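Encoded as structure tokens, the structure appears first; notes follow it.
The values are calculated or read from the model by the stated rules, or taken from the named source; none is laboratory data. From a predicted model like this one, the values you see are computed outputs, not experimental measurements. Because the Cβ atoms are built from the backbone with ideal geometry, glycine has one as well, and the counts that use them run over all protein chains shown. SASA here: full protein model, heavy atoms, side chains in, ligands and nucleic acids out. Shrake-Rupley method; radii C 1.70, N 1.55, O 1.52, S 1.80 Å.
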Amino acid sequence: MDRQECLSTPAASEEGMEATAFTTEELVINMGPQHPSTHGVLRLVLTLDGELVVECVPHIGYLHSSLEKICERRTYVQIVPFTDRFDYLAALANNFCYVRAVEKLMGVEVPRRCEYLRVLLAELQRIVSHLVWLGTFGLDLGAITLFLWCFREREVLLDLFEATTGQRLLYNYMRIGGLRNDLPPGFIEKAREFLGYFPDRLAEYDQLFTNNRIFRARVDGVGFLPRKRAIEYAITGPMARGSGIDVDLRKTDPYSVYPELEFEVPVFEAEDCLARYMVRMEEIRQSRKLALQCLDALDKMAGEPYQAKVPKTIKPPAGEVYERTESPRGELGCYLLSDGSDTPARFHWRAPSFANLQALPIMARGGLVADIVAVLGSIDIVLGDVDR
Amino acid sequence: MTEPSLTGKLIAWLADLVHRVTGLPEPLVRMLGWVVGCLVIVVAVLLTVVYLIYVERKISAWIQSRIGPNRVGPYGLLQTVADAVKLLLKEDIMPAASDKGLFVAAPILVFATAVVTLVVIPWDRDASGGEISIGLLFISSVASLTVIGIMMAGWASNNKWSLLGGLRSAAQMVSYEVPQALALVCVITWTGTLSLREIGLGQTGWFFHWNLFRYWLWIPALIYFTASIAEVNRTPFDLPEAESELVSGFNTEYSGMKFACFFVGEFASMFVVSLVFSVLFLGAWHTGIPALDRVIPGPIVTYVKAWVVVLVMMWIRWTLPRLRVDQLMGFAWKLLIPLSLAAILIVGVVVQLGLTY
């Protein structure tokens, strides 16, 4: 666009020669796909009036890699590593959802110890994922230090995951009917130690960031997502809970061993970025509580099997299944249609980031450019999950 | 004036030496002295900037529980030098649609304004680049030229992000100049002079004679410090180059040496405002203990004080998040300016009642 068009220029029309004759034009600007705070290759086409956002249109698909279709050409076992790559910040949560779907289709009963291990890892994964979210959220708001503090804590958990699965990001760990291997020796002690001092670190974050007045001013009352619109847009996870919707699949549609564990679902009514922030911070604490309970339970179950008996070739009976779990980002769904062969006839992934991203224009409109960054950070999208 | 200071004696001795060795006439030696003096100051400050960048990186690393640069040279001390060489050797990219003249002029202007201010900084009671009676006015007027450089950069880049950054910086710097100037008015009212040297002289003696510790002058000190951070575009006021919002703001399109000019200019002006702050409020070249003043040369004291102020700025930068543009303006117009007006009133009353000491 010509520079003259994007700047406000004095009107030169004949009748508009009064002192206030001054026209302004809106500025259309591309935010992304390469931009430091679009959390990946998201492109937002912004219409700005000065710094005010008039319109915000997200364009997605830059990371589309046809994973669902690829999965329809793979056997059920081969699909597990692909699920890692959807929401790459919470790979174990994806594994969890997928293997549960196949197990449901086949009617496999998983050993109790395996369930506890899975929940333990899923909750630790939630902490890891939320730490990345917290760090990048801080980064978006200009608090660079918080980012590295979060990564310091994340590092400890990643080391634990690495010891368990051999990988630090894409774990490929859960198997249909169980897990690839047992926990390594020393895992439980190290995890306990970390979870022991973790609350102190959370208190540090609160000191540095949560209680900071600038931070409060940046997120309090910014990016409203009314409860009604959240329901209409099928928003789930921390975003829904930040809009006052008490929905958490671990409670509302309990699966695995969650009914046996004690935890609370934080719900905040304020509908803004601060509420979503508070929800996630509280979730980190609740996940820690859940992980500690799992560790206690695992202590009593030492030596029990972690793998159910499943046939060598996985061929679920014809039929369909939809299994959903609560991922760090919201309702994660896996739809499988089996025709009795060793590959699914249809594989669909209900990605929470994709659904949650829809709400961005509602929240961004009428705010400032800086608010978009805060809002986007509070959605906690993973572009791998959005585009698949 | 009483006897010359240590620095004054040194300068006189050097001038005498040159005069005797070369046989040049006295006025010529004095002129040569100005040139050499200015060069020494500029080079010293540029070297300081090199290590400011290093220290900034180290401090941020310590705050963030990292190690920081430690590869190039012992303890990574040559890291910035290596970076500078890298920037010098980089291809000088100029966007095809840019306004070439302005694009080149902008970094030069930003860098130059930062350095020019150094001229009037008094390093000791008889040592400064150029003692003028309206030093304060000179500083605030030269410092306000930076905004033109940044706006030029934002406009000339022909990039919308740069433009937004340039406009933000215009709004921000113009707004923050007001409380800054009002804070200066307090000091002027108190000391009754615009000359930096005389402001420094007024703080002779024990540290409670420093302007910072006088009655209500800590309010303008705080205002001046805050506005200075905004003036040099550092967090929490780093909106013109807000990385997570405007990619890199006004310097998005800049690379190589031109970027280095902006970067060095930013650090140089940070050091300059710290120098000004220590001259205005922290007793200038005085150590705060009269006995020590006779032993420690003034320039060293001034230099160390400026470093302390810079370190506080760095500490703030790595602690706080960034303000939003409306909050930034609100902070200047709704809080800092009324506060500085009140401070002027208080200082005026105190001076009128003869309570100064």
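Just a few scattered comments:
- For a straight C-alpha distance cut-off of 26 angstrom, the lysines reachable from B:LYS100 (same-chain residues fewer than eight places away being disregarded) are B:LYS86, B:LYS90, B:LYS160, B:LYS258.
- Shielding by partners - mean other protein chain Cβ count within 10 Å, residues of A:367-375: 5
- Shielding by other protein chains, B:166-174, mean Cβ within 10 Å: 1
- Gaussian network model of chain A, Cα within-10 Å springs - most flexible of A:GLY366, A:GLY242, A:GLY340: A:GLY340
- Within-14-Å neighbourhood charge of A:ALA217 [Cβ basis; K, R +1; D, E -1]: +2
- Interface area, B with A, accessible, probe 1.4 Å, both sides summed, Å² nearest 100: 3000 Å²
- For chain B: relative contact order, % (alpha-carbon pairs under 8 angstrom, 6 or more apart): 22 percent
- Surface composition of the protein assembly as shown: carbon plus sulfur atoms contribute 64% of the solvent-accessible area (1.4 Å probe, protein chains only, all chains present).
- Relative to one another, the C-alpha centroids of the stretch A:37-110 and the stretch A:206-249 are positioned 22 Å apart.
- Shape index of chain B: Rg/Rh, with Rg the Cα radius of gyration and Rh the Kirkwood radius from the inverse mean 1/r over Cα pairs, equals 0.98.
- Pairs of lysine residues in the stretch A:67-387 that meet both criteria, 8 or more places apart or on different chains and Cα atoms under 22 Å apart, total 11.
- Using only the C-alpha atoms, the convex hull of the stretch A:67-387 corresponds to 119 Å³ per residue.
- Scattering from the protein assembly as shown was approximated by placing one identical point on each alpha carbon and applying the Debye formula without solvent; log10 I(q)/I(0) at 0.06, 0.10, 0.12 1/Å stands at -0.47, -1.05, -1.31.
- Value of [θ]222 nm, deg cm²/dmol, for the protein assembly as shown, DSSP H segments ≥ 4, -39500 (n - 2.57) each, nearest 500: -17500 deg cm²/dmol
- In terms of packing, defined here as the mean over residues of other Cβ atoms within 10 angstrom, the peptides A:65-76, B:99-110, A:348-359 line up highest first as A:348-359, B:99-110, A:65-76.
- Gaussian network model of chain A, springs between alpha carbon atoms under 10 Å - residue of A:ALA240, A:ALA217, A:ALA374 with greatest fluctuation: A:ALA217
- Stokes-Einstein, applied to the Kirkwood radius of the stretch A:199-335 over Cα pairs at a viscosity of 1.567 mPa s and 4 °C, places its translational diffusion at 74 µm² s⁻¹.
- Rounded to the nearest Hz, the phi-derived 3J(HN,Hα) couplings of the stretch A:222-228 under the Karplus curve 6.51 cos²θ - 1.76 cosθ + 1.60 (θ = phi - 60°) are 10, x, 5, 10, x, 3, 4, where x marks glycine and proline.
- Calculated accessible area for the stretch B:44-352 comes out at 38 Å² per residue, all protein chains present (probe 1.4 Å; ligands, DNA, RNA ignored).
- Taken one residue at a time, the phi angles of the stretch B:158-170 give Karplus couplings (6.51, -1.76, 1.60, θ = phi - 60°) of 6, 10, 5, 5, 4, 4, 4, x, x, 5, 4, 5, 4 Hz. Gly and Pro are set to x.
- Result for chain B in a Gaussian network model with C-alpha springs under 10 Å: among B:LEU336, B:LEU222, B:LEU87, the largest mean-square fluctuation is at B:LEU87.
- Near B:LEU164: Cβ cut-off under 9 Å, other residues only, Lys/Arg at +1 and Asp/Glu at -1. The net charge is 0.
- Note on B:156-162: average number of Cβ atoms from other chains within 10 Å of each residue's Cβ is 3.
- For chain A, relative contact order (Cα pairs under 8 Å, six or more residues apart, normalised by length) works out to 24 percent.
- The stretch B:1-137: proportion of alpha-carbon pairs further apart than 18 angstrom, %: 72 percent
- By the Stokes-Einstein formula, at 1.002 mPa s and 20 °C, the stretch B:237-357 with its Kirkwood radius over alpha-carbon pairs has D equal to 121 µm²/s.
- Hz values of 3J(HN,Hα) by residue in the stretch A:83-99 - Karplus curve (6.51, -1.76, 1.60), Gly and Pro given as x: 5, 3, 8, 5, 9, 6, 8, 9, 4, 5, 5, 5, 3, 4, 5, 5, 5
- The residues of the stretch A:214-260 occluded by other protein chains by 40 Å² or more of accessible area, set against the chain on its own, are A:ILE214, A:ARG218; surface from heavy atoms, 1.4 Å probe.
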